[in-house]
Amino acid sequence: MAFVLLDDPVDSIELELKTEPERFGSGPGGSSRPPRRTALGYMGEDDDAWHNMRKWQRMKVKIIERGLQGYKVWLLATGDFAFLKTDLELEIGSTCDGLFQQWNKDGTATFIPATKLKSEQPIEPQSFSLKDLLPFQESQKNASIEFKSSDMDDPTDVLPGPLSISEFAPIDLIRHKLADYLDWFKQNSYTGIVKYKHPRFNSYGALVLFRGRCTGAMFSCEGQQNFLSTEQALPELFTAMCLLGADVFSYTLPEEIVLPITAGFIGYQVQPQKENSKDSFEYMIDRFAKYKSIALLVLSSRSNGTMFVYVYKGKVIGFFSLEHKTFFLNETGMFDFVSNNTDIELYISVLPNEIVLKSFQFGFELEL
């Protein structure tokens, strides 16, 4: 899938990224201690804070509101807010038992439902054909992202940045080995983005990670005509990351955003179903809602820029403006963009829902 990008983008709003000396629980070199005493359940000095909340400690929680990866909850025992990470459908206002999992950088705690651990059983990986699972008319070629070096200086700009500054974490490859970080990503089923750049060699790259496996990758360097994508990019990217002077950082993103991004790398391209892009876009949004699909739609206007629309299980999660480097968690601007531009080119990639089941393994191992 080729993305058509503007030669003269509008003035961009740079995504401001701030770093901290340590990222709590960020893997090699990180600290597992919570960030401040005012966090949930804290009493006394910092040295005592970690012992106040133990791994898998059970607490009764009340469901307050839905989030991207679970629910905001109220801890009945302490009167504090926390986050319940789950893909289960829970009723707002109901209560359930939660197990403490980890501290977050903002001082809150993440829990998982107590019933989830009991129901999880190891399942042997199965193989399947993507084409057999698609309810749409797809093209014969893979929808892997293709770029030309003339399109942009940094191809990783097509990926949204962190939704929260606290999710951003630099990777120190001087004090720690890349293999240690890759192992940590695998062991912790990390879902998010790893970005790389090296100013001296004018090279850039990124990894898209879902549950500790690579589901997309890109790499470019000076003098290279086309950017490498996915499997071809991995060995070059891993080598470049270890070079002295490389700038590497990671940040988590919700599955609801990472999986549509993944569709752009290892999904299948779907042909527009109507004569014009506007009708095709509206038609496909309706179809995705019917089939609860995971999809990435790219809207490219020569006059007004490029927009990436993320669809997760039939719902539009949000859209990312390439020119403004801004992520919007709403649908209004997306439909306005389609209605107000007559020169839109539409690209669609679909990732079958079945691919995210724990009985399937997809993507590439993080191996050097």
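The values are calculated or read from the model by the stated rules, or taken from the named source; none is laboratory data. Note that this is a predicted model, so its numbers are computed, not measured. Heads up, the Cβs are rebuilt from the backbone with ideal geometry, glycines too, and the neighbour counts pull from every protein chain shown.
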**OP:** Restricting attention to the range 309-332, report how many residues are at pLDDT below 85 and under 21 Å from the mean Cα position of the chain (by Cα).
**Re:** 3
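Yes/no matrix, rows are residues, columns are (1) buried (at least 17 other Cβ atoms within 10 Å of the Cβ); (2) modelled with pLDDT under 75:
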| site | (1), (2) |
| --- | --- |
| 1 | yes, yes |
| 35 | yes, yes |
| 52 | no, yes |
| 76 | no, no |
Subject >> Of all residues making up the range 217-239, the number that are surrounded by fewer than 20 Cβ atoms within 10 Å (Cβ to Cβ) and within 19 Å of residue 178 (Cβ to Cβ) >> reply: 6
**OP:** Count, please, the residues in the range 333-368 that happen to be at pLDDT 85 or above and in a strand (DSSP E or B).
**Re:** 8
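Every residue, every condition in (1) in a helix (DSSP H, G or I); (2) touching a strand residue (DSSP E or B) at 6+ places or on another chain (Cβ under 9 Å); (3) over 30 Å from residue 231 (Cα atoms); (4) modelled with pLDDT under 50, yes or no:
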| site | (1), (2), (3), (4) |
| --- | --- |
| 79 | no, no, yes, no |
| 102 | no, yes, yes, no |
| 122 | no, no, no, yes |
| 144 | no, yes, no, yes |
Original post:
under 30 Å from residue 188 (Cβ atoms) and either touching a strand residue (DSSP E or B) at 6+ places or on another chain (Cβ under 7 Å) or surrounded by 16 or more Cβ atoms within 10 Å (Cβ to Cβ) (or both) - does that describe any residue in the range 337-348?
Top reply: no
Original post:
What are the residues in the range 336-361 that are aromatic (Phe, Trp, Tyr) and under 23 Å from the mean Cα position of the chain (by Cα), if any?
Top reply: 347, 360
Original post:
Under 6 Å by Cβ, and 6 or more places apart or on different chains, what pairs join a residue from the range 158-175 that is farther than 14 Å from residue 310 by Cα with one that is at pLDDT 85 or above and part of a helix (DSSP H, G or I)?
Top reply: 171/181
**OP:** Name the residue, out of 301, 280, that is in contact with a Pro (Cβ under 6 Å, 6 or more places away or on another chain), of a type outside the set (A, V, I, L, M) and buried (at least 18 other Cβ atoms within 10 Å of the Cβ).
**Re:** 280
